[in-house]
Each structure stands twice: as C-alpha cells, then as structure tokens.
Amino acid sequence: MYAVVGCNGCGNLWLVRDPRASETARCSRCERTHRTAKLKRLFESEDRDAAREARAALLAKKRGDSEAFAAVDHVADLERAVEDAGVDDCEYLEASGLDADAVFEAGSRAEGNAGSTRSREEIVRDAVEEAAEPTEEEIVAYATEHGVPADAARDLLEKLTRRGELSESQGRYRAL
C-alpha cells in the first residue's frame, strides 16, 4: 500500500509506503516527523506507479499546471519511452565499429577508476546526497567535476524531480 501524504509544516507531498503499518513518517523536505495516523492521505493505492502519478497530478495542480499535466502521458509510460528512445552507448559504439567494452575500460583507466563507471544520473544523485547545501549550483558544480556537462546535470535534476525521485524546495534538492 502506498499513500500520498502532505506535510502540514512545509506543504511538501510525498509517498509513504504501508502507512497503516508505520507509526511515523518523516517529511522528505523539512524532515519533520509526523504520526502516520494523523497525516492526511490524499491518495492511496496498492500500485506505486499509481501513487507516483497521483502525487505528480497533485503537484501540477498546486502549481497551476493541471492542463499541461493532463497532456502528458502516465509517468510509467514516459519512463518506458525514455528507455526505448534513441540508441544506447553500447549500440552506438558497436555500430561505429568499436569494441564497447574496450572503450569503457579505457575510459575507466583514464579517470582512474579500476573498473567501475557511474552514469550521469548516478553522479547527479551522489551530488544531491553529498552536498552540504544541495542547491542547483552546488549539484551542477559537483557533477561537472565528475565529468557531467553542466547542461546535462541541470536536465537530469529536472528529470529526477519530475519523476518524483528528488524534491526541490526553496532552491534545495533532496532525494526521496
């Protein structure tokens, strides 16, 4: 069971997993602890994607973007479309006549990583977690230091926020 709940302190909306079984829930924005039984449940569902979609609709309504939200596909459909769109790095390299594994290994050696490569999304997530003040400026600075172009880092921040994996309040980001 998933529930979309709201913080009466800062107005943040977030998902709570199994609200009937947990006694407390912590706001992902202001970190205030709430008694789960007293939280207003704006939506409940057994399906996490349905709860995420409801949260996104509520956030759009709150910001006056209901019409724009209605024109967009369901969150799960958008994620699948993004995964299916374009050509991934391996396909591109192989089609260019290059050995993708050799290219990735060379990149790892050049960056000083013994064999682990992180995606741009992982780097942006790490920036949010590790930043003392997780503002867009600080996150982008961290990401660029780790090889992610500034525009790509900003796009990823926006994408992760739209997907409900990050929240943004007063210019600060937090992982959900």
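Looking at Val124, Val103, which is the one that is β-branched (Val, Ile, Thr) and closer than 29 Å to Asp65 by Cβ?
Val124
I need every pair where a residue in region 1-26 that is within 15 Å of Ala51 (Cα to Cα) has its Cβ under 6 Å from the Cβ of a residue that is outside any loop (DSSP other than H, G, I, E, B) and acidic (Asp, Glu), sequence separation at least 6 or different chains.
Between residues of region 1-26 that are within 15 Å of Ala51 (Cα to Cα) and residues that are outside any loop (DSSP other than H, G, I, E, B) and acidic (Asp, Glu), the close pairs are Ala3/Glu44.
Return only the number of the condition from (1) open to solvent by 40 Å² or more (accessible area, probe 1.4 Å); (2) free of Cβ contacts under 8 Å to residues at least 40 places away in the same chain that Arg174 does not satisfy.
(2)
If I filter region 31-46 for residues that are without any contact (Cβ under 8 Å) to a residue 24 or more places away in the chain and within 19 Å of the chain's Cα centre (by Cα), do I get at least one hit?
yes
Which of the residues spanning region 143-159 are closer than 20 Å to Ala175 by Cβ and open to solvent by 50 Å² or more (accessible area, probe 1.4 Å)?
Scanning region 143-159 gives Thr144, Glu145, His146, Arg154, Asp155, Glu158, Lys159.
Starting from residues that are in contact with a helix residue (DSSP H, G or I) (Cβ under 9 Å, 6 or more places away or on another chain) and of a type outside the set (A, V, I, L, M, F, W, C), keep the ones in region 123-144 and report whichever is farthest from Glu165 (Cα to Cα).
That would be Thr144.
Looking at (1) under 30 Å from Ala54 (Cβ atoms); (2) open to solvent by 70 Å² or more (accessible area, probe 1.4 Å), which is the one condition that is false for Asp101?
(1)
If you take the residues of region 117-133 that are part of a loop (DSSP other than H, G, I, E, B), open to solvent by 70 Å² or more (accessible area, probe 1.4 Å) and farther than 15 Å from Thr144 by Cβ, which of them is modelled with the lowest pLDDT?
Taking the candidates together, the pick is Thr117.
When you look at Gly86, is it free of Cβ contacts under 8 Å to residues at least 40 places away in the same chain, open to solvent by 60 Å² or more (accessible area, probe 1.4 Å) and more than 21 Å from Gly147 (Cβ to Cβ), yes or no?
Against the criterion (free of Cβ contacts under 8 Å to residues at least 40 places away in the same chain, open to solvent by 60 Å² or more (accessible area, probe 1.4 Å) and more than 21 Å from Gly147 (Cβ to Cβ)), Gly86 does not qualify.
Does region 31-57 hold any residues that are hydrophobic (A, V, I, L, M, F, W, C), modelled with pLDDT of 90 or more and open to solvent by 30 Å² or more (accessible area, probe 1.4 Å), and which are they?
Correct list: Leu42, Phe43.
The values are calculated or read from the model by the stated rules, or taken from the named source; none is laboratory data. All values derive from a computational prediction rather than experimental measurement. For neighbour counting, all protein chains shown are included, and Cβ atoms are generated from backbone atoms with ideal geometry for every residue, glycine included. Side chains included, ligands, DNA and RNA excluded: accessible areas come from the protein's heavy atoms. Shrake-Rupley method; radii C 1.70, N 1.55, O 1.52, S 1.80 Å.
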